[in-house]
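Note sheet for the following structure.
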Amino acid sequence: WFSLIALMGFVITAPVMYGQDDTGLPIVKGFDKTTWGQSLADIQAIWPDGEVQVHREIFTSYEVAGDGDGPVKKKILSFFDDQLHRVIVVFELPDRPENGVDEDGLALVKELIKGKYHPTEQAARELRRLNRIMIEVRAQPDGSIEVSYENVKIIADARQAMKERKEQEAAERRATRAPRNTKLKELGLGEML
């Protein structure tokens, strides 16, 4: 029972512990000790000794073990263009099935998430649409429960910044080729095409 009480306390208080936002939900700013958009180096300073995996250069994940107290097995932090955009917390609840889905645990965690983040339809809509925060709860076949907190705006902003950087780099390349392009245009290529 103690671990179940610890889980309820973690789900309810972990995102609340650090900072407030106009919405009253600290998850809008970040998860636990993190802030959305932080770099991998910043997160490694908070939770050292994790494992880094790089996927296709711009996607990185960082996995850290649970705190040792309570049901958190691990946290998986995801980065896009070196900006934190998702945190997945994996819970292993006491008395869970060794094989198969923990239906009771799933129902409890969903209820806790709804009470904290989606107490009304308006609150749910505001979190999703205005703040672009998505929270999902999934049960895994090994009996664990995953809670995913994602700031979708970080990905959109990072994609826009990457696009602007590429456009800037292309403009700089064209500028270095300007004398050659002028010379080629003077050849009268347009009439030859």
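Tabulated data for the structure shown
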quantity: Leading residue by the ranking (most open to solvent (accessible area, probe 1.4 Å)) among those in segment 86-97 that are under 22 Å from W36 (Cβ atoms) and of a type in the set (A, V, I, L, M); calculated: I88
quantity: Residue identified as among the basic types (K, R), closer than 24 Å to R132 by Cα and in a strand (DSSP E or B) among K75, K33; calculated: K75
quantity: Qualifying residue in segment 163-178 (condition: small (G, A, S) and not in a helix (DSSP H, G or I)); calculated: no
quantity: Residue that is surrounded by the fewest Cβ atoms within 10 Å (Cβ to Cβ), among those in segment 145-160 that are charged (D, E, K, R) and outside any strand (DSSP E or B); calculated: R159
quantity: Single residue of segment 57-96 satisfying the filter (of a type in the set (D, E, K, R) and within 18 Å of I154 (Cα to Cα)) that is nearest to the chain's Cα centre (by Cα); calculated: R86
quantity: Of the criteria (1) outside any helix (DSSP H, G or I); (2) free of Cβ contacts under 8 Å to residues at least 60 places away in the same chain; (3) within 29 Å of T60 (Cβ to Cβ); (4) open to solvent by less than 40 Å² (accessible area, probe 1.4 Å), which one G100 fails; calculated: (3)
quantity: Test result for P179, open to solvent by 40 Å² or more (accessible area, probe 1.4 Å), touching a Gly at 6+ places or on another chain (Cβ under 7 Å) and farther than 27 Å from Q83 by Cβ; calculated: no
quantity: Residue match in segment 106-119 (condition: surrounded by fewer than 17 Cβ atoms within 10 Å (Cβ to Cβ), assigned to a loop (DSSP other than H, G, I, E, B) and at pLDDT 85 or above); calculated: yes
quantity: Number of positions in segment 120-144 that are touching a strand residue (DSSP E or B) at 6+ places or on another chain (Cβ under 9 Å), assigned to a loop (DSSP other than H, G, I, E, B) and at pLDDT 90 or above; calculated: 3
quantity: Pairs where the first residue, in segment 128-144, is open to solvent by less than 50 Å² (accessible area, probe 1.4 Å) and the second is of a type outside the set (D, E, K, R) and part of a loop (DSSP other than H, G, I, E, B), C-beta under 6 Å, 6+ apart; calculated: A139/V101; G143/P97
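Conditions tested, residue by residue: (1) without any contact (Cβ under 8 Å) to a residue 60 or more places away in the chain; (2) in contact with a Leu (Cβ under 9 Å, 6 or more places away or on another chain); (3) open to solvent by less than 70 Å² (accessible area, probe 1.4 Å).
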position	(1), (2), (3)
W36	no, yes, yes
G50	yes, yes, yes
R56	yes, no, no
V72	no, yes, yes
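The values are calculated or read from the model by the stated rules, or taken from the named source; none is laboratory data. The structure displayed is predicted, hence computed values, not measured ones. So basically every Cβ, Gly included, is an ideal-geometry build from the backbone, and we count neighbours across all protein chains shown. Ligands, DNA and RNA are excluded from the accessible area calculation, which covers all protein heavy atoms including side chains. Shrake-Rupley method; radii C 1.70, N 1.55, O 1.52, S 1.80 Å.
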